[in-house]
Structure formats: C-alpha cells, structure tokens
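> Have a look at this one.
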Amino acid sequence: MNPSARISQVAMAAILPDLATQVLVPAAAVVGIAFAVVQWVLVSKVKMTAERRGGEGSPGAAAGKDGGAASEYLIEEEEGLNEHNVVEKCSEIQHAISEGATSFLFTEYKYVGLFMGIFAVLIFLFLGSVEGFSTKSQPCHYSKDRMCKPALANAIFSTVAFVLGAVTSLVSGFLGMKIATYANARTTLEARKGVGKAFITAFRSGAVMGFLLAASGLVVLYIAINLFGIYYGDDWEGLFEAITGYGLGGSSMALFGRVGGGIYTKAADVGADLVGKVERNIPEDDPRNPAVIADNVGDNVGDIAGMGSDLFGSYAESSCAALVVASISSFGINHEFTPMLYPLLISSVGIIACLITTLFATDFFEIKAVDEIEPALKKQLIISTVVMTVGIALVSWLGLPYSFTIFNFGAQKTVYNWQLFLCVAVGLWAGLIIGFVTEYYTSNAYSPVQDVADSCRTGAATNVIFGLALGYKSVIIPIFAIAFSIFLSFSLAAMYGVAVAALGMLSTIATGLAIDAYGPISDNAGGIAEMAGMSHRIRERTDALDAAGNTTAAIGKGFAIGSAALVSLALFGAFVSRAAISTVDVLTPKVFIGLIVGAMLPYWFSAMTMKSVGSAALKMVEEVRRQFNSIPGLMEGTTKPDYATCVKISTDASIKEMIPPGALVMLSPLIVGIFFGVETLSGLLAGALVSGVQIAISASNTGGAWDNAKKYIEAGASEHARTLGPKGSDCHKAAVIGDTIGDPLKDTSGPSLNILIKLMAVESLVFAPFFATHGGILFKWF
C-alpha cells in the first residue's frame with residue numbers, strides 16, 4: 001500500500017475529543033508539579049535549627065516515646081548529647097555538600113554549554129545543507145505527492161528542539177541535586193525519632209525530583225509540539241522529525257552529566273575507602289577522612305543530577321521515537337490529534353498513577369522497623385505497575401480508534417487498539433521483571449550477594465571472581481525479558497509498538513526516580529550522621545535506609561538500561577526508514593564492518609571511563625595519604641582535614657576526563673555516516689545496542705552486589721554475617737576492595753552505557769536526511 005494515500009478510517013475515531021487531550025496533558029503535568037511542591041513543603045517542615053523539647057522539662061516526657069504531637073523522643077536525649085551542637089554540625093555539613101555540588105555543576109555546565117552551542121551550529125549546518133539552504137517547499141519524504149516545509153525550516157526547528165531538550169535536561173539534573181542536598185541533613189535529623197520518619201523524609205524528597213522531572217519533561221515537549229505546529233501546520237511529518245532534536249538534546253547533556261558526575265563521585269569514593277577504611281581502619285564517612293565531603297558531594301552530582309538527566313533523556317527519546325513513527329502512520333496522515341499524542345497521554349496517566357502510588361509509601365502505611373524499608377520500596381514498583389496497567393487500558397480505549405494503520409518499513413500495517421495496549425503493558429511488566437531480577441542479584445537479603453560476601457573469607461581475589469560471575473549471570477533473565485518485549489510489540493505494531501513498549505517501561509518514571517533518588521539521599525544522611533558524631537544507633541538506621549537504597553538504585557539502573565534497549569531499537573527503526581534503507585543485511589561487508597565496530601564501542605567507552613576514574617582516584621589516594629601523614633593531630637581528631645583540596649581534585653579530574661568519552665559517542669555516528677554511509681551506520685547502531693546492553697547490565701549488577709556484600713558484613717545482621725565481620729577484619733577488607741573495584745562499574749561505566757546506545761541512535765535519526773543525501777564519501781570514491 002502506498003503510504004502517500006490518505007488512509008480511510010476502518011472504524012470510528014477515538015472516543016476522547018481533541019479538546020480533552022489538549023486539556024488533559026498539561027493538566028496532568030500541572031498536577032505533577034503541584035504534588036512535587038506539596039512534598040517539598042512537607043520536607044521543609046523538618047527544621048535545621050534546634051528546638052526546645054517537650055513541656056515537662058525532662059527528656060522523654062509525656063508523649064515523647066510514642067512520638068506525640070507535643071514532642072518526639074530523641075536518641076540524643078537518652079544519651080545526654082547536646083542537641084543544639086548536633087543540629088548545628090548537620091547544618092554545616094549540609095551547607096558544605098550543597099556548596100560543593102553547586103560549584104561542580106556550574107563548572108560542568110560551562111563546558112557543556114559550550115559544547116551545546118557548537119553542536120547546535122552543526123545541526124543547523126548539516127540539516128540546512130541537505131537542500132542547499134533552500135527556502136522553497138519540497139516533496140514530503142514519505143508522501144511524494146504532498147509538499148512539506150523546506151529543509152532549512154527542519155534545520156532551524158531541530159536546532160531549537162535540541163537546545164530545548166538540552167536545557168530541560170540540565171535544569172532537571174540541577175533541581176534534583178538542590179532537592180537532594182536540601183533533604184540529606186533533614187533525613188539525618190528525622191532518624192533520631194525513628195526509621196519511619198527518616199524514610200518518609202528521604203522518600204518525599206525523591207518524589208519531589210521524580211514528579212518535577214516527569215511533569216517538566218512532558219509539559220516542555222507538549223508546548224514545543226504546539227508552538228512548532230503554528231509554523232508547520234498540516235506538515236506533521238516535518239513537525240515530528242524536527243521534534244526529535246528534543247531527545248538528542250536531553251541525551252547529550254545526560255551523557256556528560258553521567259560521565260562527569262560518575263568520575264567525580266567514584267574518584268572521591270575510591271580514595272576515601274582505600275586510604276580511610278583499608279589503610280587507616282577508620283569508619284566510612286569519618287570526619288577525619290579528607291575525601292569525605294567530596295564523596296558526599298559526588299553522590300549528588302553523579303547519582304542524582306546525572307541519573308535525573310539520564311532518565312529524562314530516555315523519556316524524551318522514547319516519546320520522540322513514537323511520535324516520528326506515528327506521524328507517517330494513519331494518525332499523522334489523517335491529522336488525528338488525540339491518537340497522535342497517545343505517547344503523551346501515556347505519560348500523563350503515568351504521573352497520576354505514580355501520585356496514587358506515592359501516597360502508599362508516605363501516607364497510607366507507616367514504616368516502623370528496619371526490615372520494612374525494602375518491602376515498602378518494592379511495593380511501590382508493584383503498585384505503580386498495577387495502577388498503570390489500568391491507566392494504559394483506559395488511554396488505549398479512549399485515546400485510540402478501534403482500528404488504524406502503522407508505518408512498517410514502507411508499508412502500512414493494520415493494528416487494533418487492544419494490540420497497542422498489549423505493547424505498552426508488555427514494556428511496563430518487563431520493566432518490573434528486570435527490576436526484581438536486579439534486586440535478587442544485588443540485595444544482600446538473597447543468596448547471590450551472600451555467596452559473594454562468603455567468598456571474602458579467602459581474600460579479595462575470590463570476591464572479585466564471584467562478583468564478576470554474578471554480574472554475567474544477572475544478564476540472562478533481563479535479556480530474555482527485553483527480547484520477549486521486542487518480539488511481541490514488533491509483531492503487534494511494528495516499530496511503533498517497540499517505541500510505546502519503551503514508553504510503557506518509563507511510564508512510572510516519577511516513582512522510579514523517587515526510589516532512585518531516595519538511595520543517595522539516605523547515603524548522604526548516613527555520612528552526615530557519622531561526621532556530626534551522632535549516636536551509633538542513628539548510623540544503624542541510616543545504614544539500613546542506605547542498604548535498601550543501594551538495591552533500589554540498582555533496580556533503577558535496570559529500568560534505565562532495559563528502556564534504553566527498547567528506545568534504541570525504536571530509534572534505529574525510525575533511522576532506517578528515514579535513511580531509505582530497504583534492508584539491513586549483515587552479510588553485506590558495508591553493514592558487517594559497522595556491526596563489529598559498533599559492538600566494540602561500548603568496550604572502548606568503558607575503558608575510557610574506568611581509566612578516568614582510576615587516574616582521578618590515584619590523585620585522590622595520594623592527597624588523602626599526604627594529609628594523614630603531614631597534618632599533625634588529624635588521626636586524633638584534634639585537627640580538621642583540608643576537604644577543599646580533595647573537592648578540587650575530583651572537580652578538575654571529572655571536567656577534564658569527561659570530554660574524550662563524550663566525544664567518542666557524539667562523533668562516532670557523524671564520522672561513520674559522513675565517510676561510510678547509512679548502511680555502515682545502521683550496522684554500527686545494531687552492534688552498539690546488542691553489546692552495550694549486556695555490558696551495562698553486568699557492570700551495574702556486579703558493582704551493586706560488591707557494595708551490598710560489604711554492607712552485609714558491616715551490618716552483621718545474621719549469624720552468617722557475624723562470622724565474616726566485624727569491620728576491619730581481613731574478610732571486611734577484602735569486601736571493601738571488591739566494593740572499590742565495583743564503584744566505577746556501577747556508577748560510571750554501567751549507567752553511562754545506556755546513554756551511549758540511545759544517544760548514537762537518536763543522533764543518527766536527527767542527521768539521517770544529511771547522511772542519506774551526502775553520506776558515504778569514501779564508498780563513492782571506490
């Protein structure tokens with residue numbers, strides 16, 4: 001069937017009118033932002049100033065131990081510690097962490113802003129030159145009998161969309177960091193009243209970030225579509241091709257955020273652990289350790305700002321991939337507004353579903369014991385998935401006609417609304433499966449991590465061997481889940497099905513981010529408790545919050561990697577269609593050389609990021625050793641270390657070292673597309689996708705398992721764990737070495753790889769018109 005023909009409706013139009021869609025999408029975003037503000041107000045009620053306790057004049061008076069309204073019982077009161085000093089110290093430490101994180105992000109954003117400007121110019125020049133910067137209308141790419149806007153317009157609007165996506169990504173990361181640094185000390189102070197209070201503060205803070213990011217990403221994309229539509233009018237093909245720049249902007253900033261932040265945090269972490277815990281035998285986050293502030297700053301710039309930008313990029317790209325395919329399907333050809341915005345409707349319902357889910361953690365059920373933390377976080381994933389499944393069913397019924405056609409590599413495939421529901425649902429549930437498999441392999445409540453901890457009996461070497469084996473094994477089930485999702489969604493609705501499956505996996509992004517951000521906030525809270533000299537019982541509570549957060553962070557990375565695989569495949573399909581490639585034949589030398597080089601790129605990228613962390617950590621270790629050896633009274637605690645020098649080492653190293661890996665990812669598609677052409681580039685994208693997903697999952701899970709094996713020994717919560725401890729034992733030192741090796745795997749290389757595969761795919765799609773017209777210079781000569 002010729003896609004240029006106007007496609008007649010097989011059945012009646014969508015039930016939901018266009019006006020309702022125009023109201024529903026921004027309304028959901030506004031509700032999400034309002035909910036984030038409410039959560040922030042509730043967190044801000046935890047005061048960073050000492051308050052007079054009770055009315056009876058005695059600690060634990062009246063309602064004290066029951067946590068009554070008039071006063072709440074504090075551990076400090078029982079142990080006779082000066083509450084005013086404790087709060088003051090917490091406030092000082094919080095200020096230092098916030099100042100360090102803000103300073104680093106501003107420095108990073110200066111360099112990233114320069115890159116953004118240069119790349120925006122490249123987008124304009126490359127896309128504008130497709131038709132020689134002509135201002136005349138041209139035949140549409142997919143419908144040759146219709147006229148579309150000139151290539152120059154596509155160049156201008158793609159550039160604007162790129163800048164819009166980049167700025168939104170940077171703002172998302174920055175706001176996430178500010179929220180986390182605002183909440184960390186408040187979580188510490190609430191831990192004095194009980195683990196339940198601390199959990200709610202950390203989780204609410206995570207929810208602020210989750211809902212702000214999900215809502216802002218949705219509303220900015222919606223506004224961009226409407227504003228661009230004023231110029232494009234009926235040319236929806238051109239409109240949504242230009243909108244893909246939004247995804248490119250989001251992911252390119254996420255790459256630098258993840259790599260730069262990851263190098264920063266792990267350089268500090270490795271330096272602090274190797275010298276402090278292994279050589280000097282002092283506790284984690286001990287204020288005598290010169291790298292301790294840099295370590296806590298790193299949690300915010302890497303795990304919060306970087307991760308926020310990363311998931312925003314995934315959301316933007318999956319939406320753009322779905323919209324591009326929809327614009328050349330019956331939705332776009334017949335100008336059906338509501339079905340066209342089906343991806344945005346999914347995200348809108350996702351915000352409402354996540355809002356309901358969050359209330360279960362913060363309002364409906366109260367956590368009273370340490371062992372209730374992890375189940376509460378797991379329930380968030382289950383509840384959000386179940387509620388979202390109902391939401392998807394409603395959106396698919398109301399927002400889609402019963403029957404429609406989807407573009408499928410030059411033909412139109414008839415699809416029914418229930419089939420599209422299955423595509424989104426399979427992505428959503430595959431995400432949950434990946435999450436639970438990740439949890440099984442990284443939580444110290446299960447045998448895989450306990451086996452890794454047990455292997456520390458014979459030293460660091462066996463710990464490393466067991467950890468690597470665990471990581472490789474943890475790839476199996478997630479890959480089967482991704483493969484099943486791809487097969488089912490593609491069979492039902494071609495590449496559009498794959499794109500909405502990715503969107504399904506990301507539809508609960510607000511809850512996923514809340515759970516993800518909760519981890520670093522809890523980690524910071526524990527560090528602040530240690531540095532402020534608070535009771536060991538408070539540290540036990542924050543450690544329990546942190547251990548659960550470690551597992552949920554690994555779950556979050558699993559979601560990000562799984563969705564990246566689906567997003568990349570959908571973008572790959574859109575690129576192949578736009579570049580007019582009829583088949584991708586791996587037996588063709590042009591394609592195969594791209595395939596084998598693409599499969600190598602994740603290894604090259606990982607080598608660069610790992611070496612960067614190693615080089616920065618080397619400088620950090622030398623500085624920490626120097627301070628311990630040369631500053632009198634440092635080990636005795638009578639002199640303060642020079643925290644600022646360690647912060648500077650991490651900042652300088654991360655800014656310098658983030659550029660080569662970033663350049664590798666950004667330049668690879670451009671070089672291959674220009675010199676070798678679209679067929680070789682299609683092979684490159686396929687190779688990077690297949691190889692990158694495997695390495696990303698194994699790296700993230702190996703690192704997470706080593707971290708929790710160390711925490712399992714430190715906590716000594718079971719008879720088995722106590723035989724391996726205590727802190728400072730040979731067994732514990734072996735676990736610390738494993739954790740140190742895993743740090744760059746789980747927080748730098750692993751999470752950055754999912755950005756690599758998405759970014760290369762979306763960049764190829766944006767530049768596809770140029771590559772198709774002017775690419776393959778070398779092959780044209782031979």
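> Got a sec to turn the phi values of the stretch 216-232 into Karplus ³J(HN,Hα) couplings, 6.51 cos²θ - 1.76 cosθ + 1.60 with θ = phi - 60°, whole Hz, x for Gly and Pro?
5, x, 5, 5, 5, 5, 5, 5, 4, 4, 5, 5, 5, x, 4, 7, 6
> While we're on this one: What is the helix-to-structure angle for 509-531, meaning the angle in degrees between its Cα long axis and the longest Cα principal axis of the chain, kept from 0 to 90 and rounded to the nearest 10?
Between the helix axis and the principal axis of the chain, the angle is about 20 degrees.
> List the pairs from K413/K758; K197/K266; K656/K780 whose alpha-carbon separation is above 32 Å, in the order I gave them.
K656/K780
> At 1.4 Å probe size, what's the solvent-accessible area of L122? Round to the nearest 10 Å².
Number for this one is 50 Å².
> Same structure, new question: Hey, rough spin-label estimate for D642 and H95, points 7 angstrom out along Cα→Cβ, what's it come to in nanometres?
Placing both labels 7 Å beyond Cα along the Cβ direction yields 2.3 nm.
> Right, another one. Which value, in Å² rounded to 10, gives the accessible area of W418 with a 1.4 Å probe and all protein chains present?
120
> For S98, S474, S630, give me the order by solvent-accessible area with a 1.4 Å probe, most accessible first, ignoring ligands, DNA and RNA.
S630, S98, S474
> Which one, P589, V324, S91, is farthest towards the positive end of the dipole of the chain when Lys and Arg carry +1 and Asp and Glu -1 on their Cβ?
P589
> Still on this structure: Using a 1.4 angstrom probe on the protein heavy atoms only, could you order S577, S764 from most to least accessible area?
Solvent-accessible surface, decreasing: S577, S764.
> Something else about it: If I take every Cα pair under 8 Å that is 6 or more residues apart in the stretch 224-364, average their sequence separation and divide by the length, what percent do I get for the relative contact order?
31
> If you don't mind, another one. Leaving ligands, DNA and RNA out of it, work out the accessible area of I659 with a 1.4 Å probe and give it in Å² to the nearest 10.
Its accessible surface works out to 80 Å², give or take rounding.
> While we're here: How much length, in nm to one decimal, is gained on full extension between D363 and V31, taken as 0.36 nm per residue of separation minus their Cα-Cα distance?
Extra length available between D363 and V31 comes to 117.7 nm.
> Rounded to the nearest 500, what is the 222 nm mean residue ellipticity of the chain from helices alone, with -39500 (n - 2.57) per DSSP H run of 4+ residues and division by all residues?
-26000 deg cm²/dmol
> Here's something else I'd like to know. For the stretch 490-641, what does the relative contact order come out to in percent, with C-alpha contacts under 8 Å and a separation of six or more?
Here the relative contact order equals 23 percent.
> Can you order the peptides 264-273, 402-411 by their average number of other Cβ atoms within 10 Å per residue, highest first?
264-273, 402-411
> Take each of the peptides 670-681, 203-214, 458-469, average the number of other beta-carbon atoms within 10 Å over its residues, and list them starting from the highest.
Put in order of decreasing packing, that is 203-214, 670-681, 458-469.
> Pull up all non-local amide H partners of C148: gap of 5 or more, or a different chain, and H-to-H distance under 5 Å with H placed in the peptide plane.
Close amide H contacts, sequence-distant or interchain: Q138, C140.
> Hey, what's the Kirkwood Rh for the stretch 582-719 if you take every pair of different alpha carbons, in angstrom?
Over the stretch 582-719, the inverse of the mean reciprocal pair distance is 18.7 Å.
> Moving on to the next point. Quick check: with the 1.4 Å probe, what order do D652, D371, D707 take by accessible area, largest first?
Correct descending sequence by accessible area is D371, D652, D707.
> Which one, (1) 99, 58, 58; (2) 158, 151, 78; (3) 83, 58, 43, gives Cα extents along the principal axes in Å as derived from the coordinates shown?
Answer label, from the structure shown: (3).
> A further question follows. Using a 1.4 Å probe over the heavy atoms of the protein chains, calculate the carbon and sulfur portion of the accessible area of the chain as a whole percent.
Here it works out to 66 percent.
> While we're looking at this one, here's another question. When the Cα centres of the stretch 471-549 and the stretch 151-200 are compared, how far apart do they sit, in Å?
16
> Something else about it: May I ask for the angle, rounded to the nearest 10°, between helix 536-578 and the longest principal axis of the chain, with both axes built from Cα atoms and the value confined to 0 to 90°?
Relative to the chain, helix 536-578 is tipped by roughly 10 degrees.
> Additional query: For V415, which sequence-distant residues (separation of 5 or more, or a different chain) have an amide H within less than 5 Å of its own amide H, given hydrogens modelled in the peptide plane?
Amide H to amide H, under 5 Å and 5 or more residues apart or across chains, V415 pairs with F404, T405, I406.
> Of the listed peptides 158-164, 477-483, 177-183, what is their order by residue-averaged count of other C-beta atoms within 10 Å, with the highest listed first?
Highest mean packing first, the order is 177-183, 158-164, 477-483.
> Skip the ligands, DNA and RNA, and give the accessible area per residue of the chain with a 1.4 Å probe, whole Å².
Each residue of the chain exposes 34 Å² on average to a 1.4 Å probe.
> Given an 8 Å cut-off on Cα distances and at least 6 residues of separation, report the relative contact order of the stretch 406-543 as a percent.
Computed value for the stretch 406-543: 34 percent relative contact order.
The values are calculated or read from the model by the stated rules, or taken from the named source; none is laboratory data. Predicted model only: the values in this text are computed from it and were never measured. Glycine also receives a Cβ, built like all others from the backbone with ideal geometry; neighbour counts cover every protein chain displayed. Surface accessibility is based on the protein's heavy atoms, side chains included, excluding ligands, DNA and RNA. Shrake-Rupley method; radii C 1.70, N 1.55, O 1.52, S 1.80 Å.
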